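The values are calculated or read from the model by the stated rules, or taken from the named source; none is laboratory data. What you see is a predicted model; the values in this text were computed from it and never measured. Here Cβ is always computed from backbone atoms with ideal geometry, including for glycine, and neighbour counts include all displayed protein chains.
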Amino acid sequence: MWKVKSSKLHYSSPFLQVFEDKLILPNGEQTIFSRLDMPNFVTVLPVTSTKIIMIHNIRYPTNQRFLELPSGIIQKGETPSQCAKRELREETGYHAKLSYVTWYHPSSRSHQKAHIFLATSLLKGPPDRDQTEHQQVVTITPQQILNKMDQGKLRHAPTIVALSVCRKFLPSQTEWKPPSNSSIKTTEKPQKVLKSQQF
């Protein structure tokens, strides 16, 4: 195991902390590692019997429009499932039944976790977006979005991961039923993280 000799904070904001860690390797040699601390976040895959609900999202610093699944940072005191419900409602207006799928580490330089949820039994309502969120709701068939992903036309990494992991749960040409809770999890513990921000 690597041992931490010292750790120095170089930059801090509500959404990112940058550390320089001096480490002792298992062979006794020393090295320096740049480490990032970032809040955990969720990505939600909302599906009907025939379509996937997504958003077109304009993002800084690329100033480009991306086709994405709803996502956002978990606020202090929220559970991942509470955050997923909030982000889905804020960005698309939909309320839904949520099923927890899995989590992963987006970066090898951080302990940040990204949680993936499947949303079914959708009920439409008005969105409640932040002033920085310039988004448009899009409905698309599973085959269309999978074709875009397979052709390298999607650029939002959490969306690509969620679609890849949940591919077997997507509606198909055959009769579709929502996955049972026996096949995927349903809840997570509250997170000690900061304000909401897109991912």
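Does Gly72 fit the bill of being in a loop (DSSP other than H, G, I, E, B) and either touching a residue at least 40 places away in the same chain (Cβ under 8 Å) or closer than 26 Å to Thr50 by Cβ (or both)?
Values: in a loop (DSSP other than H, G, I, E, B): no; either touching a residue at least 40 places away in the same chain (Cβ under 8 Å) or closer than 26 Å to Thr50 by Cβ (or both): yes.
When the stated conditions are applied, Gly72 does not pass them.
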Taking only pairs six or more apart or across chains, which ones have beta-carbon atoms under 7 Å, a first residue in segment 55-69 that is on the phi < 0 side of the Ramachandran plot, and a second residue that is of a type in the set (Gly, Ala, Ser)? Leu69/Ala162
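May I ask you to verify whether Leu45 is over 30 Å from Phe19 (Cβ atoms) and loosely packed, with under 14 Cβ neighbours inside 10 Å? Spell out the reasoning first.
On the way: over 30 Å from Phe19 (Cβ atoms): yes; loosely packed, with under 14 Cβ neighbours inside 10 Å: no.
Spelling it out, it is not the case that Leu45 is over 30 Å from Phe19 (Cβ atoms) and loosely packed, with under 14 Cβ neighbours inside 10 Å.
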Taking segment 142-172 only, how many residues are assigned to a helix (DSSP H, G or I), in contact with a helix residue (DSSP H, G or I) (Cβ under 6 Å, 6 or more places away or on another chain) and under 11 Å from Ile52 (Cα atoms)? 1
Checking the condition at pLDDT 95 or above, aliphatic (A, V, I, L, M) and touching a Lys or Arg at 6+ places or on another chain (Cβ under 8 Å), which residue from Leu69, Leu98 passes? Leu98
Considering only segment 61-68, I want to know if a residue exists there that is outside any strand (DSSP E or B), among the β-branched types (Val, Ile, Thr) and surrounded by 14 or more Cβ atoms within 10 Å (Cβ to Cβ). no
